[in-house]
Amino acid sequence: MIPGDGIGREVTPQAVKVIQAATATTKRPIEFVEFDWGADKYLREGISLPAGAVEMLRDEFDAVLFGALGDPRVPSNQHAADILLGLRFKLDLYVNARPVELLHDRLTPLRDRTEKDIRLMVIRENTEGLYVGVGGFFKKDTADEIAVQEDVNSRKGVERIIRYAFEYARQNGLKRVCMSDKSNAMTFAHDLWQRVFKTVRQEYADIDSRHLYIDTLAMEIVRDPRQFDVIVTCNLFGDIISDLGAQLAGGLGLAPSANIHPGETSLFEPVHGSAPNIAGKGIANPLGSVLASAMMLEYLGWKPEAGALRNAVRAALRQNYVTPDLGGDKHTVEVGDWLAKEAVTNFVAQT
Ligand SMILES: NC(=O)c1ccc[n+]([C@@H]2O[C@H](COP(=O)([O-])OP(=O)(O)OC[C@H]3O[C@@H](n4cnc5c(N)ncnc54)[C@H](O)[C@@H]3O)[C@@H](O)[C@H]2O)c1
C-alpha cells in the first residue's frame, strides 16, 4: 500500500481494514507492506520514487493499493508525477479501467435515471498520448513564446487497448463497445485509432461496436447513458470522460479505478486526489478506495471477497451510513469500521 498524501492517508487504511475483515473470513492470506512515498518524504529526503522501487514492486508484489498524491507544499507536483506516472509508465500499466456504476438512485444528478441506467466501463489508454511529456518551449517567457506538447500514439499501444476493451466486453457478457476519438480534427494520431479499430473489430463479430467523436460522446453519455457498456479512448479523453462519468454515478468520493497490465503487478486507486481542502478533518469518503480494493481483489481472482466489499458499500449507501460529501454525518473511520463489520456479516449471511 502507498497511501501517499492528504486524504490518501485517511482512506487507504480504511480500505485495508475492510479487505482484512473479508479475507480473514475466507481465511485467505493477504500481506500488506506500507511504503511512505509522498510529499513528506520528498520534502524531507528529496526522494520521490526510490531507486529500485519499480523492480521491487514488479518482482515481489501482486498488486499495489494506492491512495492519492498532491500537496500544496510541492507546487510543481513533481513527486506525484515521479511516483504515479513513473509507476504507470515503468510497470507498463497500459489499461486504466474506470467503472461508472450508479449504486443508489439518489446519487445521480440526472433526472429519472436509476441504477439500471448507469452501468458502463471506461477503458482509458494509460501510457501514451499527451501524457508522455514530450514537448518543449521556444522563446519561453517572452511575448513570442511557443509551447509544444506532442501526442504520442503507437500502433502497438492503440491496438492493445482496443483489443483489451473487446476482451473485457466478451469476458463480462457485455454486448457493446464504443471507441471514441477526435479523428476529424486529429487527422494523424486518431487516423491511426480509426484504422486499428476497423481491423480489430472484425475479430469480434459477436460485439456490437461503434465509433463516436469525443464531443458527441460527452453529450450522449449525459443524454442517455443506457447506450453504453464499454467505452475505449485515449489517455486525455479517458481522463475527462471518466470524471464526467464519476459525477453521473455519485461523485469523486465513490469512483474507483484500476491501472492494469494483464497478468502483471497492477495498481488500484480511487479516482479522487489528495483533497487538501478536507485533509486531516476525518471526513474523507473511503468508499472510492474500498471499491478500488474490490477491483484489486477481483484482479487477484478473489471474487467472493470482492463481492463482499461491493455489497458492504451498497449497504452503507442504502442505510445512509456515509460521509458528508454524500449527505451523511459519519466520519471516515466510522464508515471504515462499519464496512468491515458489514463485509463479515455478508459472508455469514451467505453461508
Ligand atoms: N491519482 C491521484 O493521486 C490524483 C488524482 C487527482 C488529483 N490529484 C492531486 O490531488 C490534489 C488535489 O486535487 P483536486 O482538489 O483538484 O482534486 P481532488 O479529487 O483531491 O478533490 C476535488 C474535490 O472533491 C472532494 N473530494 C475528493 N475526494 C473526496 C473524498 N474521498 N471524500 C470527500 N470529498 C472528496 C475534495 O474535497 C474537493 O472538493 C492536487 O495536488 C492534484 O494534483 C491526485
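The values are calculated or read from the model by the stated rules, or taken from the named source; none is laboratory data. Small disclaimer: the values here were computed from a predicted structure and weren't measured. Neighbour counts run over all protein chains shown; Cβ positions are idealised from the backbone, glycine included.
Brief remarks follow.
- The residues listed here are A316, A349, A343; of these, the one that is at pLDDT 95 or above and either within 14 Å of the ligand (Cβ to nearest atom) or not basic (K, R) (or both) is A316.
- Considering segment 4-26, the residues that are within 12 Å of E305 (Cβ to Cβ) and β-branched (V, I, T) include one that is nearest to the ligand (Cβ to nearest atom), namely V18.
- With respect to the conditions (1) more than 16 Å from the ligand (Cβ to nearest atom); (2) within 14 Å of the chain's Cα centre (by Cα); (3) not β-branched (V, I, T), E305 falls short on a single one, namely (2).
- Being crowded, with 16+ Cβ neighbours inside 10 Å and in contact with a Phe, Trp or Tyr (Cβ under 7 Å, 6 or more places away or on another chain) is a description that applies to N235.
- Flag not set for G273, criterion: closer than 23 Å to L69 by Cα and touching a helix residue (DSSP H, G or I) at 6+ places or on another chain (Cβ under 7 Å).
- Restricting the search to helices (runs of 4 or more DSSP H) fully inside segment 192-299 and requiring at least 3 residues that are within 12 Å of the ligand (Cβ to nearest atom) gives 235-248, 287-299.
- Scoring R44 on the criteria (1) outside any loop (DSSP other than H, G, I, E, B); (2) surrounded by 12 or more Cβ atoms within 10 Å (Cβ to Cβ) leaves a single failure, condition (2).
- Of all the residues in segment 125-184, those that are of a type in the set (V, I, T), surrounded by 11 or more Cβ atoms within 10 Å (Cβ to Cβ) and out of contact with any helix residue (DSSP H, G or I) (no Cβ under 7 Å at 6 or more places or on another chain) number 4.
- Every pair of residues 6+ apart whose Cβ atoms lie under 8 Å, when the first sits in segment 190-209 and is assigned by TED's automatic domain parsing to the domain that holds A169 while the second is hydroxyl-bearing (S, T, Y) and surrounded by fewer than 21 Cβ atoms within 10 Å (Cβ to Cβ): H190/S183; D191/S183; W193/S183; Q194/S183
- As a summary of the residue check, A24 satisfies the conditions (1) part of a helix (DSSP H, G or I); (2) loosely packed, with under 13 Cβ neighbours inside 10 Å; (3) modelled with pLDDT under 95 except for the one numbered (2).
- Pairing residues of segment 24-46 that are at positive phi with residues that are among the acidic types (D, E) and crowded, with 16+ Cβ neighbours inside 10 Å, at Cβ distances under 6 Å and at least 6 apart in sequence or on separate chains, gives G38/D5.
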